[in-house]
Amino acid sequence: MFYSIAMATKKEGFIEATHSITVGHHQLYYRTVGQGSPLVLIHGFGVSGYIWQLMLPYLAQRHQVFIIDLPGYGKSIFTPPWRLREMAPLLITWLRELNLSSVALMGHSMGGAIALHLSASAPELVERLVLVSSAGIPLNAHLSHLALRSIRSFFQQGNGSYPSELIQDVLQPRPLLFWQTAQEMMHSDFRAEIAANKIPTLIIWGEQDVFLPISLGRTLHAALPHATFVTLPNTGHRPMLAFPELVSTMVLSFLAEGQSDINLGAPLS
C-alpha cells in the first residue's frame, strides 16, 4: 500500500558520546547519540561515520544511533591488511560485546555490502535493514574505471556537501588503506549473502548515481524481491547528504511501520 509520511523534524543540540573499544586486534572508534531502539550506521569507501552527520538530528529523536568508523577510517586504527570479508565478523563481535540485538542496520555503498554480509551471518542480531546506494552486486569494472566514476561522483550535483568533520577525515592521507579497500571492492561479490536475506529491507538509490549506477540497484532489488525499493530523482551517490530530511523521514517511517511502499509526494521543508 501507499501512504503519506510527515517529514521528520530536525532537533538541534543533541549530545554525542564518543567511545573506543578493542575488538580482536582492531581498535574501533564509534559514537552514540539519541535514545530508543538501536540503529547502527555503516559508512562506505573513503569516508567515515561523519557521512551520516546531517541525518543524526532526525534519527536520534527515535533511536539510539551507533555510528561506527570502520578499521582505518575516521578515528579507528588501521591494522593491515584490510579485508572486506573480515568487516562483518568484526562488527558482529562488536555488537555482541555491546550486548546489542534486534538492531536496525543501515549501510551506504561499501557499508551496504558489509550490512548484507552481517545480516546473513547473524540474522538474529538484525531486525531491519536499510541499504543506501549499496554495493554487494559484482561491479564488473576495472579499478581505473571505478576511480574515474568516484571522481565524477564527488563533483556531481545532487550529492550534497561534506560536513566539516568529514572533510577533516577525508583529507587524512591513507594510501595503503585506500588501495587495499579499492582492491577488495573491485573483486567483491555478496550474491550468496543477498540470496540468504529474509530480513525486511529498504533500498534507497539516487537515480543519477554515477558511481554505483541505478542499474545495480535494480539488480539488487530483483535479488531481494521482498525489499522496498525507493529511487530519488536528481540525486547521486550520497542521498543522505543531498536530502537528509527526506531520507531520514523514509528511514524512520520504514523502521516504525515496517515494510510498505513509500509515498515521496511530501515536499521538503
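Going by the structure shown, is Thr228 surrounded by 15 or more Cβ atoms within 10 Å (Cβ to Cβ), closer than 26 Å to Ser121 by Cα and among the β-branched types (Val, Ile, Thr)?
It is true that Thr228 is surrounded by 15 or more Cβ atoms within 10 Å (Cβ to Cβ), closer than 26 Å to Ser121 by Cα and among the β-branched types (Val, Ile, Thr).
Among the numbered conditions (1) of a type in the set (D, E, K, R); (2) in contact (Cβ under 8 Å) with a residue 40 or more places away in the chain; (3) closer than 22 Å to Ala192 by Cα, tell me where Glu86 comes up short.
(2)
Test of understanding: among Phe14, Phe66, which residue is modelled with pLDDT of 95 or more and either within 27 Å of Asn197 (Cα to Cα) or among the aromatic types (Phe, Trp, Tyr) (or both)?
Of the residues listed, the single one that is modelled with pLDDT of 95 or more and either within 27 Å of Asn197 (Cα to Cα) or among the aromatic types (Phe, Trp, Tyr) (or both) is Phe66.
How many residues are among the polar types (S, T, N, Q) and under 16 Å from the mean Cα position of the chain (by Cα) when one looks only at segment 85-126?
Residues that pass the stated criteria total 2.
Which residues, counting only those in segment 205-219, are modelled with pLDDT of 95 or more and touching a helix residue (DSSP H, G or I) at 6+ places or on another chain (Cβ under 6 Å)?
Trp205, Gly206, Glu207
Can you run down the residue pairs with Cβ atoms below 7 Å, 6 or more apart or on separate chains, where the first is in segment 111-135 and on the phi > 0 side of the Ramachandran plot and the partner is aromatic (Phe, Trp, Tyr) and buried (at least 24 other Cβ atoms within 10 Å of the Cβ)?
Here the result reads Ser133/Trp205, each pair linking segment 111-135 to a residue that is aromatic (Phe, Trp, Tyr) and buried (at least 24 other Cβ atoms within 10 Å of the Cβ).
Can you tell me which residue among Gly136, Gly112 is part of a loop (DSSP other than H, G, I, E, B) and either surrounded by 16 or more Cβ atoms within 10 Å (Cβ to Cβ) or in contact with an Asp or Glu (Cβ under 7 Å, 6 or more places away or on another chain) (or both)?
Unique residue meeting the criteria: Gly136.
Between Thr235, Thr201, which is closer than 23 Å to His145 by Cα, in contact (Cβ under 8 Å) with a residue 60 or more places away in the chain and of a type outside the set (Lys, Arg)?
Thr235
Mind checking which residues of segment 152-168 are modelled with pLDDT under 90, surrounded by 12 or more Cβ atoms within 10 Å (Cβ to Cβ) and not basic (Lys, Arg)?
Ser153, Phe154, Gln156, Gly158, Asn159
What is the number of the single condition among (1) crowded, with 20+ Cβ neighbours inside 10 Å; (2) out of contact with any Leu (no Cβ under 9 Å at 6 or more places or on another chain); (3) among the charged types (D, E, K, R) that Asp209 does not meet?
Condition (2) is where Asp209 drops out.
Does segment 23-75 hold any residues that are assigned to a helix (DSSP H, G or I) and either touching a residue at least 60 places away in the same chain (Cβ under 8 Å) or of a type in the set (A, V, I, L, M) (or both), and which are they?
Tyr50, Ile51, Trp52, Gln53, Leu54, Met55, Leu56, Tyr58, Leu59
With the structure loaded, tell me whether Leu105 is in contact with a Phe, Trp or Tyr (Cβ under 8 Å, 6 or more places away or on another chain), at pLDDT 95 or above and crowded, with 23+ Cβ neighbours inside 10 Å or whether it fails that test.
No, not satisfied.
Tally up the residues in segment 77-94 that are closer than 14 Å to Tyr30 by Cα and either of a type in the set (A, V, I, L, M) or surrounded by 21 or more Cβ atoms within 10 Å (Cβ to Cβ) (or both), please.
3
Leu171: closer than 20 Å to Phe45 by Cα, surrounded by 13 or more Cβ atoms within 10 Å (Cβ to Cβ) and of a type outside the set (Lys, Arg), yes or no?
Judged against the criteria, Leu171 is not a match.
Determine which member of the set Val230, Val210 is free of Cβ contacts under 8 Å to residues at least 60 places away in the same chain, among the hydrophobic types (A, V, I, L, M, F, W, C) and over 23 Å from Met87 (Cβ atoms).
From the options Val230, Val210, the qualifying one is Val230.
Table: residues versus (1) modelled with pLDDT under 95; (2) in contact with a strand residue (DSSP E or B) (Cβ under 7 Å, 6 or more places away or on another chain).
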site: His221; (1), (2): no, yes
site: Leu224; (1), (2): no, yes
site: Thr228; (1), (2): no, yes
site: Thr231; (1), (2): no, yes
site: Asn234; (1), (2): yes, no
site: Ala242; (1), (2): no, no
site: Leu246; (1), (2): no, no
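The values are calculated or read from the model by the stated rules, or taken from the named source; none is laboratory data. All values reported here derive from a predicted model rather than from experimental measurement. Virtual Cβ from ideal backbone geometry, glycine too; neighbours counted across all protein chains shown.
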